[in-house]
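One structure is given below, encoded as structure tokens.
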Amino acid sequence: MTMSWQTVEDQYLRDNKFFAQLVGVWPYQERFTKFSIRLVIFVLVIIALATQASRVIVSYSIDALMDEVVYLVITVTVPIKQYNYILNEKKLEELLREIVFDHLMERPKKEMEILDTYYRKALIFSFIYKASISTSALTFILIPAIPPILNIIAPLNESRGREFVYPAYFFVDEQRYYYPILVNMIISALVLASVYIACDVNLIHLIHHGCALLAISGYRFKHALDDVNLYDEKYNDALMHEAYAKVCRSIEGHKRAVEYVEKIDACYVHYFFVLLGIIITAFTSTFIRLSTMEMDTRYFTFCIFTFAQLVHLLFLTIMGQIVENSNNEVSHKIYEANWYTGSSRTQLLYVLVLRKCLNPPALSGGGLVPLNLFSFVQVLKASFSYFTVFRSA
């Protein structure tokens, strides 16, 4: 049964669409709606940044600064994520359009199965990421509920003080306007989680679709010469020509897959670089703060934040690792093909593709830091190194 464009979009991009519309980064959203949502988020981010910076200025100390750096990092990341999508809206729209186009295209059953397999993998990664970010945001939101609960479970001679979602200074009587401030903080936390999820879930689906295209090209290379047998009486020029044509189509598919991954990297290359720097800053400041804190509510909050940033970093680097693995898989499929049964010009095509696979497309931070699991370890090492330097200073 032939599916319509809208059906494919609703089936394969429903996650992307739902969360992207929430934060105004869905390319096909009405312009007024997008701008309204972006304006609201911008105002919330400015309020959060201003109140956090004000707390550092008003009650300046090293502890206050280290406390606030963590929350400032989280808040600053929101506009970086959102505006990367706004600045690259046309490019990202094209990438999303290609996903729909590829699912509408008439393909052999096996190729459709490859597309569906990678789509299911993207759903699994999306679920894990959404669960980790949502859990972290919910933990922060529940912080103000801890003192009232403890007052009931383990009462003291006097009631425990009220807690906020994050430390900030609002230039008003915080006890008198506690609930309006708390509502503002909760909304900000929900918006933050939504922006993280919307932007990164979209990235997950884009990358897995690029990997699916690479896998399809590898499948084509492997089976292009299946009908050619040196010992078959039907071994003739017609079969040779057909096999050559199949390999040419495989090359076209591989070229398109490589271009798709390169488009993704072009949209995210500077974004990845900035995020890696921010994550190193976040890890370093968190480690320093944890080493000087007592085990209280904020201590466990920082532990949760560290875990969330670890998941965020792992997510970024593992996306690059998946692309790297998919490129390697294409080479393996070519080695497994019956290339030796083809004509000399067909074999030459395989050699040229293998040569191309030596310089595969890859995700990187600013074109300097390749995104893979090795970089994941290196970022953690760098964070611990900076932590050691600051602690010994």
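The values are calculated or read from the model by the stated rules, or taken from the named source; none is laboratory data. For clarity, every value in this text was computed on a predicted model and none was experimentally measured. Quick reminder, even Gly has a Cβ in these numbers, built from the backbone with ideal geometry, and neighbours come from all protein chains shown.
Can we say Tyr260 is of a type in the set (Phe, Trp, Tyr), more than 25 Å from Ala50 (Cβ to Cβ) and part of a helix (DSSP H, G or I)? Yes, satisfied.
Let's see how each residue does on (1) modelled with pLDDT of 90 or more; (2) under 21 Å from Val201 (Cα atoms):
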| position | (1), (2) |
| --- | --- |
| Tyr12 | no, yes |
| Lys17 | no, yes |
| Tyr28 | no, yes |
| Phe32 | yes, no |
| Ile37 | yes, yes |
| Leu44 | yes, no |
| Ile47 | yes, no |
| Val69 | no, no |
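The residue that is nearest to Ala131 (Cα to Cα), counting only those in region 282-315 that are over 19 Å from the mean Cα position of the chain (by Cα) and of a type in the set (S, T, N, Q), is Thr301. Summed over region 341-380, residues that are at pLDDT below 85, farther than 30 Å from Lys246 by Cβ and exposed (fewer than 13 other Cβ atoms within 10 Å of the Cβ) total 2. Would a scan of region 154-177 turn up a residue that is part of a helix (DSSP H, G or I), farther than 29 Å from Val201 by Cα and without any contact (Cβ under 8 Å) to a residue 12 or more places away in the chain? No: region 154-177 contains no residue that is part of a helix (DSSP H, G or I), farther than 29 Å from Val201 by Cα and without any contact (Cβ under 8 Å) to a residue 12 or more places away in the chain.
Within the set Val8, Val58, Val25, Val43, the sole residue that is among the hydrophobic types (A, V, I, L, M, F, W, C), within 23 Å of Val274 (Cα to Cα) and touching a residue at least 60 places away in the same chain (Cβ under 8 Å) turns out to be Val25. Cβ separations smaller than 7 Å between residues 6+ apart or across chains give no pair from region 85-107 residues that are under 12 Å from Glu9 (Cα atoms) and without any contact (Cβ under 8 Å) to a residue 40 or more places away in the chain to residues that are among the acidic types (Asp, Glu) and assigned to a helix (DSSP H, G or I).
Which residue, of Thr281, Thr317, Thr286, is among the β-branched types (Val, Ile, Thr) and modelled with pLDDT under 80? Give the derivation first.
Numbers: Thr281 fails: modelled with pLDDT under 80; Thr317 fails: modelled with pLDDT under 80.
Of Thr281, Thr317, Thr286, the one residue that is among the β-branched types (Val, Ile, Thr) and modelled with pLDDT under 80 is Thr286.
Any residue at all in region 336-343 that's on the phi > 0 side of the Ramachandran plot and of a type outside the set (Lys, Arg)?
Pass one, region 336-343, residues on the phi > 0 side of the Ramachandran plot: none.
For region 336-343, residues on the phi > 0 side of the Ramachandran plot and of a type outside the set (Lys, Arg): absent.
Starting from region 238-258, take each residue that is more than 23 Å from Leu115 (Cα to Cα) and list its partners that are basic (Lys, Arg) and at pLDDT below 90, counting only C-beta distances under 7 angstrom and pairs at least six apart or across chains. Note: pairs meeting the criteria are Tyr244/Arg345. Only residues that are among the small types (Gly, Ala, Ser) and crowded, with 17+ Cβ neighbours inside 10 Å were counted in region 1-49, giving 3.
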